[in-house]
Amino acid sequence: MIEVVIVWTVLLIVLVAIEIATMGLTTIWFAAGALAATIAAACNAPLFVQIALFLIVSVLMLVFTRPVAMKYFNRDRTKTNVESLVGQKGIVTGEIDNLKGCGQVTLNGMEWSARSRTADRVIPEGSVVVVKEIHGVKLIVAVEEA
């Protein structure tokens, strides 16, 4: 039975080492399951109980703590580069017409190619638009609602 405890302990160490190396909250949930299985093995629980504990604890940790952990760890994350443009307002400097494949928006002092989020909508020059998405080097925009 000591061999099973060693196997679970090695799995626990490997999972923790992977988590330390990646710091991506990828294996920590399974390390908790391996810890539960190691404790069960040390208490001479049957193998099916150890495996069940591993799976149940891992899934419960993943489902209930991951959203909280991701929110906590991502709260200081700042958007970079193009990502930061989504949600910003710009001025249409060249009529946006998806059918003609034309359109220009000035945003933060820079000219961008732009397309309307609504395929059949033409947005006239001078309109204020909000960036909804970015596809390649084109802004996908919608007219700002008043």
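Checking each residue of the range 94-111 against the condition of being touching a Gly at 6+ places or on another chain (Cβ under 9 Å) and farther than 30 Å from Val128 by Cα gives no match. Whether a residue is of a type in the set (Gly, Ala, Ser) and within 30 Å of the chain's Cα centre (by Cα) was assessed, and Gly103 does not pass this test. Taking residues in the range 1-20 that are more than 15 Å from Gln50 (Cα to Cα), and partners anywhere that are small (Gly, Ala, Ser) and open to solvent by less than 50 Å² (accessible area, probe 1.4 Å), the pairs with Cβ atoms closer than 8 Å and at least 6 places apart or on different chains are Leu15/Ala31; Leu15/Ala34; Val16/Ala31; Glu19/Ala31. For the range 95-146, the set of residues classified as at pLDDT 90 or above, over 16 Å from Leu85 (Cα atoms) and of a type in the set (Asp, Glu) consists of Glu95, Asp97, Glu125, listed by residue number.
Applying the condition of being part of a strand (DSSP E or B) and surrounded by fewer than 16 Cβ atoms within 10 Å (Cβ to Cβ) to the range 119-133 and asking which residue is farthest from the chain's Cα centre (by Cα) yields Val122. What are the pairs with Cβ atoms under 6 angstrom where one residue, in the range 102-128, is acidic (Asp, Glu) and the other, located anywhere, is surrounded by 14 or more Cβ atoms within 10 Å (Cβ to Cβ)? Sequence gap at least six, or different chains. Pairs found: Glu111/Gln104; Glu125/Val92; Glu125/Glu95. Within the range 104-118, the set of residues being part of a strand (DSSP E or B), open to solvent by less than 100 Å² (accessible area, probe 1.4 Å) and either more than 9 Å from Gly94 (Cβ to Cβ) or touching a Lys or Arg at 6+ places or on another chain (Cβ under 9 Å) (or both) comprises Thr106, Leu107, Trp112, Ser113, Ala114, Arg115, Ser116.
The set of residues in the range 78-94 that are open to solvent by 70 Å² or more (accessible area, probe 1.4 Å) and modelled with pLDDT of 85 or more comprises Lys89, Ile91. When the residues of the range 22-77 are filtered to those that are more than 15 Å from Trp8 (Cβ to Cβ) and more than 16 Å from the chain's Cα centre (by Cα), which remaining residue is most open to solvent (accessible area, probe 1.4 Å)? Checked the range 22-77; the qualifying residue most open to solvent (accessible area, probe 1.4 Å) is Phe64. Could you please let me know if Ser58 is of a type in the set (S, T, N, Q), in a helix (DSSP H, G or I) and at pLDDT below 90? Here the answer is no, as Ser58 does not meet what is asked.
The values are calculated or read from the model by the stated rules, or taken from the named source; none is laboratory data. All of these numbers come straight from a predicted model, not from anything done at the bench. A quick note on method: Cβ atoms are made from the backbone with ideal geometry, for glycine too, and the neighbour counts reach across all protein chains shown. In case anyone asks, the SASA skips ligands and DNA or RNA and just uses the protein heavy atoms, side chains included. Shrake-Rupley method; radii C 1.70, N 1.55, O 1.52, S 1.80 Å.
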